[in-house]
1. Every residue in segment B:124-171 that is in contact with an Asp or Glu (Cβ under 7 Å, 6 or more places away or on another chain) and under 27 Å from B:GLN245 (Cα atoms), please.
2. I'm checking my understanding of the structure. Among residues of segment A:27-43 that are under 10 Å from the mean Cα position of the chain (by Cα) and of a type outside the set (Phe, Trp, Tyr), which one is surrounded by the fewest Cβ atoms within 10 Å (Cβ to Cβ)?
3. Could you please let me know if B:ARG117 is closer than 19 Å to A:ARG247 by Cα and either part of a loop (DSSP other than H, G, I, E, B) or more than 14 Å from chain A (Cβ to nearest Cβ) (or both)?
4. Mind counting the residues in segment B:51-109 that are more than 25 Å from B:ALA227 (Cα to Cα), within 9 Å of chain A (Cβ to nearest Cβ) and not hydroxyl-bearing (Ser, Thr, Tyr)?
5. Residues being of a type in the set (A, V, I, L, M, F, W, C) and not in a strand (DSSP E or B): count how many of those fall in segment A:38-95.
6. Looking at this structure, is A:ASP54 surrounded by fewer than 18 Cβ atoms within 10 Å (Cβ to Cβ), among the charged types (D, E, K, R), touching a residue at least 12 places away in the same chain (Cβ under 8 Å) and in contact with a Pro (Cβ under 6 Å, 6 or more places away or on another chain)?
7. Can we say A:PRO129 is at the interface with chain B (Cβ under 8 Å from one of its Cβ atoms) and either under 22 Å from the mean Cα position of the chain (by Cα) or in a strand (DSSP E or B) (or both)?
8. For a quick check of your reading: which strands (runs of 3 or more DSSP E) sit entirely within segment A:165-276 and have at least 2 residues that are surrounded by 22 or more Cβ atoms within 10 Å (Cβ to Cβ) and facing another protein chain (nearest Cβ under 9 Å)?
There are 2 protein chains.
Amino acid sequence: MNDHPLDRALALSHSDIQSGLFTGATSPDYWNMVGPFGGTTAALLLQAVMQHPDRLGEPIALTVNYAAAVTEGALQVQAVPVRTNRSTQHWTLTLSQAGEEGRPQPNTTATAVTALRRQTWSTTDLAMPQVPAPADVPGMVAGPKGVAWVGQYDMRPIRGGIPREWNDAGDHSETLIWVRDAQPRTLDFPALAAMSDVFYPRAWLRRARPVPAGTVSITTYFHASAAELAQVGHGHLLGRATGQQFRNGFFDQTAQLWSEAGLLLATSHQIVYYKE
Amino acid sequence: MNDHPLDRALALSHSDIQSGLFTGATSPDYWNMVGPFGGTTAALLLQAVMQHPDRLGEPIALTVNYAAAVTEGALQVQAVPVRTNRSTQHWTLTLSQAGEEGRPQPNTTATAVTALRRQTWSTTDLAMPQVPAPADVPGMVAGPKGVAWVGQYDMRPIRGGIPREWNDAGDHSETLIWVRDAQPRTLDFPALAAMSDVFYPRAWLRRARPVPAGTVSITTYFHASAAELAQVGHGHLLGRATGQQFRNGFFDQTAQLWSEAGLLLATSHQIVYYKE
């Protein structure tokens, strides 16, 4: 049994392997301020797809909608392959917890696409930014007290770390960071889905003001194979996130994750609620 | 009755207003090569949300997954408000057509978020590119024969129009274009959802080679209110699209749409299947 905290957080069991109904629980190791780290919730939904016996190919796209707070304790994930074609497969996913009268109530909805990939012409129009090597970048100063999930990552901000002074004097929304699991673990799709959400809210950086904020919906596209992720092993990923439009209670941010060797592994976008 | 082709394409009826089950049909006016223009399909799904009696607020996010070909003729859209909070509402959507033995079979899945927005601090980190005014940009040369939907738009490419020669000599993936409905129509959310998908596949531009390609999943974030869209009226939008990662059968592209006055109305991302 793997003793990595992410593997514990993503542990799912199922009574009937064909039903696509999995049970699990929230993890204290990845707790955020008032619920689980959203990245872990995304990873958990993708994990159900990875473990489904009817899965075709590997993840291409994942959209997760945070519909309501996930509370501490037991949860269930339903993964349904709605449509399977020759080389692509479309999934709908729901994370539910016991609500009134014990009936499962959906807290999180998601869709995913898996696909068989073939080797084709390939290129990138998003080259990795030139940055110092991970060994030359100091680790992040400890995050806010009581935010357990931050401690699960080795994060080394190159630019756009959490502001040291909340002085309303922010002037950009770009973060560049080296990131990997704090405890060694070979990279896979659920871990990559989680890391796509490690960037703190762009509104905090843009304004140098810690306004209440929470992700409403995140979409991640996966650009590498399981074998390529395994090759990355426990290496650092270079993460980049920037805000786009901040407008009347919602902003969107875009993010990329490269391997240290320069392969763009994932691109991600999210829309985030904010106050004030 | 509105006689605009987009209103005809988005006409939905329902027998029971509470069930969220709507019926409609594909439109020959927005036909693409082997099925409806994907932008119209996205608009149709959002239209069901707009017409649902239980809708809270206005669209914030829409993800549409093209699971299988939509065929000519009748279709149904099911719109379910899975979770309604104080200020946000989460939707799951399915477009189905009669499959084997006449049973409805899902061709397209989607999720949407609507929300009540309040006025807050706002800014943008994606300023509108400086480009010539629409009046100074010639319209697009007619698209490929038999592609009806292209004729429904007034498109004026500033940079990155469809290559005139397929000579494998492409060297970038950016398109800048002025776009609006060819026949006057006041901008609304479904129209904006459709326009987020007017950019032809980035692989064609990047390679100057018209390889087979089709959108697998698109996510659009909406940054303006219904009133702000109405103020745009029939004005041109500046659209920008760029490719990001092209890799082993799938690439992603990112897009933005600004009003001529410079307000970023929508940001959009899609992942696209391609061959060779």
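Read-outs: derived from the displayed coordinates by stated rules, not from any lab. Remember, predicted model here, so these are calculated numbers, not experimental data. Using ideal geometry, Cβ is built from the backbone for each residue, glycine included, and neighbour counts are taken over all protein chains shown.
1. Matches in segment B:124-171: B:ARG159, B:GLY160.
2. This residue is A:GLY38.
3. yes
4. 8
5. Within segment A:38-95, residues that are of a type in the set (A, V, I, L, M, F, W, C) and not in a strand (DSSP E or B) number 13.
6. yes
7. no
8. In segment A:165-276, A:213-222, A:237-247, A:250-259, A:264-274 are the strands (runs of 3 or more DSSP E) which contain 2 or more residues that are surrounded by 22 or more Cβ atoms within 10 Å (Cβ to Cβ) and facing another protein chain (nearest Cβ under 9 Å).
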